[in-house]
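The values are calculated or read from the model by the stated rules, or taken from the named source; none is laboratory data. All figures in this text were calculated on a predicted structure; none of them were measured in a lab. Cβ: placed from backbone, ideal geometry, glycine included. Neighbour counts: every protein chain shown.
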Amino acid sequence: MADEPFWRTKTLWQLSDAEWESLCDGCGRCCLVKLEDEDTGMVAYTDVGCRLLDETSCRCTDYPNRQAQVADCVRLTPEAVTSLTWLPPTCAYRLMEEGEDLPWWHPLVSGTRDTVHEAGISVRGRVAGPEQSFGLFELMEHVVSWPVRWPRGAKALRKPAPAAPRRPKTA
């Protein structure tokens, strides 16, 4: 259908550069420092941000030059999306690769960048600080599980209706 949005009609490999960039919801979850167990390959998220992460906007402060400044910054490509095991379950690239639709809070659906924060998807208010403020052993004390989970109500394709106010009980 001509009226269908691009993320429903194309594969990751078919996206234009502009479409690709617009898929990023600006949550900042992938910009959190991750620790990998050398023996098992298991990846654990921390609540510590990359040194280029703006903790308020949840965006990179030097996106065009990020890989020159941060040696382990991963550039997402369709190939990378299919092979990276640590992409958050809320990530639009991951959702699209898995054949899922974008949820209500995604800026392409909602029309505003604010909904990613309102839905509790973004890292806003949850970052302990930039990575240069922590040593390796301190990073291990900041391992968290919330980046690999969906917040309640955020998985719905439509914005949940507000709860009806409760009427006080009468005697």
Query - Failed condition for P160, given (1) assigned to a loop (DSSP other than H, G, I, E, B); (2) at pLDDT 90 or above - result: (2)
**Report entry** Unique match (being in contact with a Gly (Cβ under 7 Å, 6 or more places away or on another chain) and more than 15 Å from I121 (Cβ to Cβ)) among V70, V48, V43
**Finding:** V48
Query raised in the report: Restricting attention to the stretch 123-143, does a residue exist that is closer than 19 Å to E100 by Cβ and at pLDDT 70 or above?
Result: no
Report summary line: Note on the stretch 83-110: residues among the small types (G, A, S) and within 13 Å of K159 (Cα to Cα) are S110
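Could you say which residue among W104, W86 is in a loop (DSSP other than H, G, I, E, B), modelled with pLDDT of 90 or more, closer than 23 Å to E4 by Cα and not basic (K, R)?
Numbers: W86 fails: closer than 23 Å to E4 by Cα.
The conditions single out W104.
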Query raised in the report: Are there any pairs, at least 6 apart or on different chains, whose C-beta atoms fall under 8 Å, with the first in the stretch 14-32 and under 20 Å from T115 (Cα atoms) and the second of a type in the set (V, I, T) and part of a helix (DSSP H, G or I), and if so, which?
Result: D25/V116; G26/V116; C27/V116
**Report entry** Tally, over the stretch 130-153, of residues that are in a loop (DSSP other than H, G, I, E, B) and either in contact (Cβ under 8 Å) with a residue 40 or more places away in the chain or among the hydroxyl-bearing types (S, T, Y) (or both)
**Finding:** 6
